[in-house]
Amino acid sequence: MDHFLLEIQMIAQLPVDFLSSTGRVFAVFDERTQDSGNISYGVLSGDRRFFVKTAGMPENSKAHLSHEQRVALLRNAVSLRRHVDHHALPKFLNVIESPHGPMLIYEWVPGELLGVECSRRADPASPFQRFRLFPFPTCSLD
């Protein structure tokens, strides 16, 4: 059976209010974990977990990008994800339009944030450096 988060196309509520009404928000990735201004959520709805990425709040003045730029990047991400599939990428499920821009709905996957503070980027124990050590498959052009 499909989930309504995979069928709905537009909401009138703010993303966080809508997500809180659909289930339990169990994770928030905001300015404490990223500097883009985007806000993402882990949501448990029914028996399914979802990762939901939003452009965040328009009034966020600490973000490196304007709200309009963040919205444009999310729209670009939707276009790219619809044309590119790879086993290392979480499954893209839906996009829901909200008053603050698109909400990208992905399958939840366990893991760690790859983003780290500049001072920790070279730390071999950081998730970023551990991810960089994964083998990159090559393909033959023959």
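The values are calculated or read from the model by the stated rules, or taken from the named source; none is laboratory data. Please read these numbers as outputs of a predicted model, since none were measured by experiment. Reconstructed Cβ throughout: ideal geometry from the backbone, glycine too, with neighbour counts over all protein chains shown.
In table form, for the structure just shown:
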read-out	value
Failed criterion for GLN129 (all others in (1) within 21 Å of SER40 (Cβ to Cβ); (2) modelled with pLDDT under 90 hold)	(1)
Any hit, the stretch 44-56, residues being over 17 Å from ILE105 (Cα atoms) and surrounded by 13 or more Cβ atoms within 10 Å (Cβ to Cβ)	no
Qualifying position, being in contact (Cβ under 8 Å) with a residue 40 or more places away in the chain and not basic (Lys, Arg), among ALA77, ALA63, ALA55, ALA72	ALA55
Selection count where residues are without any contact (Cβ under 8 Å) to a residue 40 or more places away in the chain and out of contact with any strand residue (DSSP E or B) (no Cβ under 6 Å at 6 or more places or on another chain), scope the stretch 5-27	4
Members of the stretch 41-73 that are of a type outside the set (Phe, Trp, Tyr) and either closer than 19 Å to HIS3 by Cα or touching a Leu at 6+ places or on another chain (Cβ under 6 Å) (or both)	GLY42, VAL43, LEU44, SER45, GLY46, ASP47, ARG48, ARG49, VAL52, LYS53, ALA55
Index of the failed condition, GLY115 passing every other in (1) at pLDDT 85 or above; (2) touching a Pro at 6+ places or on another chain (Cβ under 9 Å)	(1)
Hits in the stretch 10-35 (condition: outside any loop (DSSP other than H, G, I, E, B) and touching a helix residue (DSSP H, G or I) at 6+ places or on another chain (Cβ under 8 Å))	THR22, VAL25
ASP85 being without any contact (Cβ under 8 Å) to a residue 60 or more places away in the chain and either surrounded by 13 or more Cβ atoms within 10 Å (Cβ to Cβ) or in contact with a Lys or Arg (Cβ under 8 Å, 6 or more places away or on another chain) (or both)	no
Qualifying residue in the stretch 51-66 (condition: at pLDDT 90 or above and more than 20 Å from SER36 (Cα to Cα))	no
